[in-house]
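Down below is the structure, laid out as structure tokens.
The values are calculated or read from the model by the stated rules, or taken from the named source; none is laboratory data. What you see is a predicted model; the values in this text were computed from it and never measured. Cβ: placed from backbone, ideal geometry, glycine included. Neighbour counts: every protein chain shown.
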């Protein structure tokens with residue numbers, strides 16, 4: 001959760017039948033550059049499956065992801 005003051009957020013406006021915000025080109029470029037080196041994924045468990053504890057899941061994934069420099073899991 002971010003603690004960003006509402007005053008620092010872009011002001012929304014109506015564009016056609018939708019609400020939009022203006023994202024400055026430099027901010028957009030920085031965001032796109034950040035995403036080039038990040039992979040976000042989701043693990044979907046089959047119905048009725050017993051979920052693994054985070055430390056066990058990390059060790060199972062680490063065996064297949066040895067070549068990655070740094071990665072982590074954020075539980076939801």
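The condition (being out of contact with any strand residue (DSSP E or B) (no Cβ under 6 Å at 6 or more places or on another chain) and surrounded by 10 or more Cβ atoms within 10 Å (Cβ to Cβ)) is satisfied by just one residue among 2, 58: 58.
Out of all the residues in segment 2-25, which are in a loop (DSSP other than H, G, I, E, B) and modelled with pLDDT of 85 or more? Residues satisfying the conditions are 5, 9, 10, 11, 12, 16, 17, 21, 22, 23, 24. Is it the case, given these coordinates, that residue 28 is in a helix (DSSP H, G or I), out of contact with any strand residue (DSSP E or B) (no Cβ under 8 Å at 6 or more places or on another chain), modelled with pLDDT of 90 or more and surrounded by 10 or more Cβ atoms within 10 Å (Cβ to Cβ)? When the stated conditions are applied, residue 28 passes them. All of (1) surrounded by fewer than 10 Cβ atoms within 10 Å (Cβ to Cβ); (2) within 18 Å of the chain's Cα centre (by Cα) hold for residue 71 with one exception: (1).
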